[in-house]
Each structure stands twice: as structure tokens, then as C-alpha cells.
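This report concerns only the one structure given below.
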Ligand code: XMP
């Protein structure tokens with residue numbers, strides 16, 4: 001690697017659903033990388049100046065449509081390139097090899113042979129020490145096929161009916177794998193990526209939580225100088241980590257505004273204040289706004305309308321507070337890297353688009369400038385630096401909680417009576433999950449309030465009370481999710497406790513709908 005190249009990798013996105021995963025793996029290895037959409041300009045590429053490029057797969061479209069051509073300036077830069085899936089097919093096609101188009105088929109698990117013992121990426125890897133030849137298990141893309149490698153390349157992996165599953169040109173440092181090393185389903189995948197970014201590209205593993213924090217502190221100080229900064233603190237992971245990071249960087253120049261809309265979980269408001277104001281000494285202004293929110297929500301049962309009211313009221317109250325800090329020049333936000341990638345990719349037709357719904361938006365006439373110190377970080381990195389900054393594990397690894405809070409977990413009209421019942425039931429469910437060691441095995445778990453009355457018999461008397469449903473899902477990306485198969489005796493205990501301990505609830509259901517077609521939240 002020339003000394004001028006930076007210790008960072010460019011992940012070129014051709015629309016694979018796994019592009020972000022490639023970037024996360026590389027960062028996990030300890031090397032910084034960024035995702036850029038394939039139509040980036042030569043100037044942007046040179047400005048980024050990476051030590052190597054990983055070219056993503058391209059989903060299911062035919063190669064000619066999905067991946068027009070690899071930009072010339074990438075090969076001309078003479079830095080290492082690794083193509084994955086279509087990324088490899090593009091390299092083969094554009095450098096004079098031959099690729100056969102085939103119809104889309106499901107990806108599959110496959111055992112393939114490594115046929116180049118000296119290869120820097122695949123050499124000497126094996127998932128079966130007893131086999132006569134070097135074999136590895138991979139998650140194989142089944143669309144398109146390289147049938148002839150370009151001049152200068154050597155075949156590094158193959159299988160029956162698949163003449164080229166890996167290819168390398170070690171002179172020019174150009175590599176391709178037809179399978180997905182970024183997926184856990186390929187057990188040697190991370191090792192292959194590590195060999196590429198560390199051994200081939202020469203990057204050092206310097207991207208650690210400590211280093212990330214040091215850099216962020218420097219950047220924040222350089223950006224805001226002696227100005228004051230305001231942050232909307234919600235108690236969620238991202239805003240909590242931003243608060244801790246900004247506090248470390250600029251101390252009292254930071255003021256957090258915590259708008260409690262009365263739709264938080266049990267004791268949540270108190271915990272946020274204890275954590276930040278009392279323990280860490282962060283300036284926090286708490287706005288107790290339950291009455292305002294509930295009065296504006298009275299009589300409203302349409303979910304989108306409820307979301308809008310909560311979002312707008314939130315911004316209105318936040319702005320009122322912010323206006324009182326007339327010295328503040330900056331508004332801090334917990335934007336994270338997936339938000340950035342998704343908004344860029346969607347503009348350009350790249351990777352999958354997230355359609356969600358954070359609380360509100362920014363006022364158009366906003367005078368404050370934005371400081372977004374997590375803008376380059378994935379959620380797992382945010383969590384790691386949160387721990388490094390001293391935030392408690394339980395806060396940093398908490399399940400996501402929607403901006404409108406219990407507002408979308410009370411079906412139909414929101415009332416204080418319902419919110420209070422729901423908070424108690426949810427507290428029992430979550431406490432039991434934690435005690436049973438099941439909380440971190442689910443991705444999101446909560447209780448939903450159903451405002452219909454159902455009969456129950458308690459202490460010999462008939463009782464018509466409300467119904468709640470427990471909801472727990474397992475998911476990686478929250479775009480699809482499976483209902484969590486919690487043990488029956490566990491569910492029974494939770495149900496019994498809720499009915500016995502909370503007067504006002506007489507029946508507990510468990511939601512066994514997966515997403516799709518159901519969504520995770522009920523509204
Ligand atoms: P759904 O219900 O769409 O949820 O399957 C996917 C993820 O998004 C969260 N969610 C929201 N988050 N404001 C938010 O900030 C919202 O209005 C909202 N609605 C859903 C949900 O909790 C899950 O994690």
C-alpha cells in the first residue's frame with residue numbers, strides 16, 4: 001500500500017441487500033470503510049482514497065441491467081479489488097473473461113473446493129479437515145456464472161457445474177468470489193474478508209471503540225468550538241450515546257432536552273434523569289408533557305393521525321425549549337450510518353429503502369446547525385462506544401422503542417388509564433424475560449393494550465376487564481421478523497402474574513404473527 005492511501009476500504013454498492021453487512025464485517029475486523037453507490041465520480045473516489053475496494057453483489061436483476069460496468073478509474077487506481085457475486089462477474093466480464101447469464105434461483109448452502117493452495121484469500125482454508133481436498137462451506141449465489149477467467153487470473157475455487165467460484169490475479173491484486181463471505185452462513189467468510197482488507201490491502205486494525213471515541217471527540221470540538229449545543233434526549237440508544245459522547249467532548253456546552261410525553265415505559269423518565277443528570281452530570285431539562293400529549297390525543301383513534309400528533313407536539317415542545325437557549329448554535333442528532341446509506345442509496349436506486357418514521361422532522365426554518373457524531377457508525381458500533389463511554393449494558397443493549405412510544409401500543413384512542421395498565425403489564429413481561437435470560441434472545445418484546453373487555457373469574461367472582469397481548473420477535477433487520485417461540489411455561493407465568501397482579505386486566509394473549517404479513521407493532 002502506498003503511504004498516501006488511507007487505511008480505509010470502499011464498499012461499492014450495486015444494490016445487494018447485503019451491502020451494509022459487508023461494511024459491518026469490515027468494521028468489525030477493525031478497519032474503517034464506507035459504502036458508496038456505484039455511480040460515484042472519479043473525483044469522489046480519489047478524494048476518499050481507499051486502500052482497497054470491495055464490489056458488492058447486485059441482487060437478482062440480470063447482470064447487464066444491475067451492473068452496467070465497473071468504473072475504469074477503479075482498476076486504473078491499481079489498488080486491490082474484491083468482487084462478490086456479481087462483483088466477481090463484473091470483473092470477469094469487464095476484463096475479458098466470459099460470463100454466462102442464468103435465471104434467478106434461490107441462494108443455497110454449498111460445499112466447494114479450494115483449488116489454489118497459495119491463494120491469499122482462500123488458500124489453506126478448510127471446513128472439513130478429514131476431506132481429501134480443501135473444501136469450504138459457503139452461501140452460494142446461484143445466478144450468473146463465470147465460465148472463463150480473464151487473462152492473468154487463476155481459478156481459486158470450483159464445484160460440480162461451477163467451473164469458477166473464486167478467481168485471483170495476484171499480480172494486479174484483483175480477486176473475486178462467487179459466494180457471500182459477508183454472511184455468517186459462510187463460516188470462513190470473515191476470515192476471507194480479513195485476509196483481503198488486512199493482508200492484501202495492508203490496512204491495520206485501528207478502528208476500535210477507543211479510537212472511534214477519540215476521533216469523535218476531536219471532530220466535535222473542532223466542529224462546535226465554544227458554541228452551545230442542544231440535544232433531544234429520548235432515552236433510546238442513539239440519543240443516549242450522543243449525549244455521553246458530547247458530554248465527554250464539550251461538557252457543559254451541552255444541554256439535553258428530554259420531553260416526557262407520558263407514553264414511556266414504567267420508570268423510564270426517572271431512569272433517564274438519574275443516569276444523565278445525576279450520575280453523569282449532564283445538563284438535562286426535563287419537560288413533563290403528559291397532559292398536553294394526552295389532551296391532544298383525546299378522541300383520536302387513527303394510528304397515523306396519532307403518530308402525527310405525537311411527532312408534531314414533540315417538535316413544538318422541543319423548539320420552545322430550544323428557543324430559550326438563545327446562545328445555542330447547534331442541534332445534535334443521533335443519526336446513524338444506516339440512515340445515511342439508505343437515504344443516499346434510495347435517491348440513486350441502490351440498496352433497499354427503509355420507509356420509517358422517526359418522530360417528526362426538522363423545522364424548515366431551523367436556524368441551528370446540525371452536529372451528528374454517529375453519522376458514520378453502525379448500530380453495533382454505537383453500542384460498543386456506548387459501553388466504552390460508561391453507559392450501562394442494559395441501556396445500550398435495550399430493544400428499540402418507537403418514537404410515539406406506547407401511543408402506538410394502545411390500540412385506538414390513547415387514555416391515561418390504558419397507558420398505566422399497559423406500563424405495568426409490560427414491566428412484568430420485560431422483567432420476566434430478563435430474569436429468564438430470554439430478553440437478549442429476542443430482538444424486540446413488548447405488550448400491546450387492547451381496549452376490549454373480556455370475562456375472567458378471580459377469587460370466585462366474574463370480572464370483565466381489559467385484554468393485553470404479548471409480542472416478541474426475532475429479527476436481524478426489522479424488515480422481516482419471526483414471532484419468538486418463547487417457552488409455554490414462561491408465557492404461562494407471565495400471563496398469570498399479569499392477571500393476578502394488575503386489577504383491570506383479565507386476559508393475556510400471545511401474538512404468533514410473523515412479519516410479513518403482520519408488522520412488528522400492532523399499529
Ligand atoms: P413495524 O411495525 O413497521 O416496525 O414492523 C418495525 C420497527 O420500527 C419500529 N417502529 C417505529 N419507530 N416510530 C419509530 O421511531 C414509529 O412510528 C414506529 N413504528 C414502528 C418498531 O418498533 C420496529 O422496531
- Inspect segment 387-410 for any residue being part of a loop (DSSP other than H, G, I, E, B), at pLDDT 95 or above, away from the ligand (no atom under 16 Å from the Cβ) and touching a strand residue (DSSP E or B) at 6+ places or on another chain (Cβ under 9 Å) and give the result as yes or no. no
- Query: Among (1) in contact (Cβ under 8 Å) with a residue 60 or more places away in the chain; (2) in a helix (DSSP H, G or I); (3) within 16 Å of the ligand (Cβ to nearest atom), where does residue 414 come up short?
  - Reply: (2)
- Within segment 468-495, residues part of a strand (DSSP E or B) and under 18 Å from the mean Cα position of the chain (by Cα) come out as 473, 474, 481, 482
- Item | Residues within segment 480-490 that are touching a strand residue (DSSP E or B) at 6+ places or on another chain (Cβ under 8 Å) and either surrounded by fewer than 17 Cβ atoms within 10 Å (Cβ to Cβ) or closer than 18 Å to residue 418 by Cα (or both), tallied | 2
- So which residues in segment 279-301 are without any contact (Cβ under 8 Å) to a residue 40 or more places away in the chain, closer than 25 Å to residue 411 by Cβ and exposed (fewer than 12 other Cβ atoms within 10 Å of the Cβ), if there are any at all? 291, 295
- Query: In the list 91, 10, 70, which residue meets the criterion of being assigned to a strand (DSSP E or B) and at pLDDT 90 or above?
  - Reply: 10
- Message: Taking the conditions exactly as written (farther than 30 Å from residue 329 by Cβ, under 24 Å from the mean Cα position of the chain (by Cα) and in a loop (DSSP other than H, G, I, E, B)), does residue 190 satisfy them or not?
- Response: no
- Query: Looking at 469, 454, 506, which one is buried (at least 18 other Cβ atoms within 10 Å of the Cβ), without any contact (Cβ under 8 Å) to a residue 60 or more places away in the chain and either away from the ligand (no atom under 16 Å from the Cβ) or farther than 22 Å from residue 411 by Cα (or both)?
  - Reply: 506
- Do we find that residue 447 is modelled with pLDDT under 95, within 16 Å of the ligand (Cβ to nearest atom) and in contact with a strand residue (DSSP E or B) (Cβ under 6 Å, 6 or more places away or on another chain) in this structure? no
- Query: Which condition does residue 349 not pass, out of (1) modelled with pLDDT of 95 or more; (2) surrounded by fewer than 20 Cβ atoms within 10 Å (Cβ to Cβ), if it passes all the others?
  - Reply: (1)
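Return the only residue of 425, 419 being surrounded by 19 or more Cβ atoms within 10 Å (Cβ to Cβ), away from the ligand (no atom under 16 Å from the Cβ), within 21 Å of residue 296 (Cβ to Cβ) and touching a residue at least 40 places away in the same chain (Cβ under 8 Å).
Within the list 425, 419, the selection yields 419.
The values are calculated or read from the model by the stated rules, or taken from the named source; none is laboratory data. Because the structure is a prediction, the values reported are computed rather than measured. Heads up, the Cβs are rebuilt from the backbone with ideal geometry, glycines too, and the neighbour counts pull from every protein chain shown.
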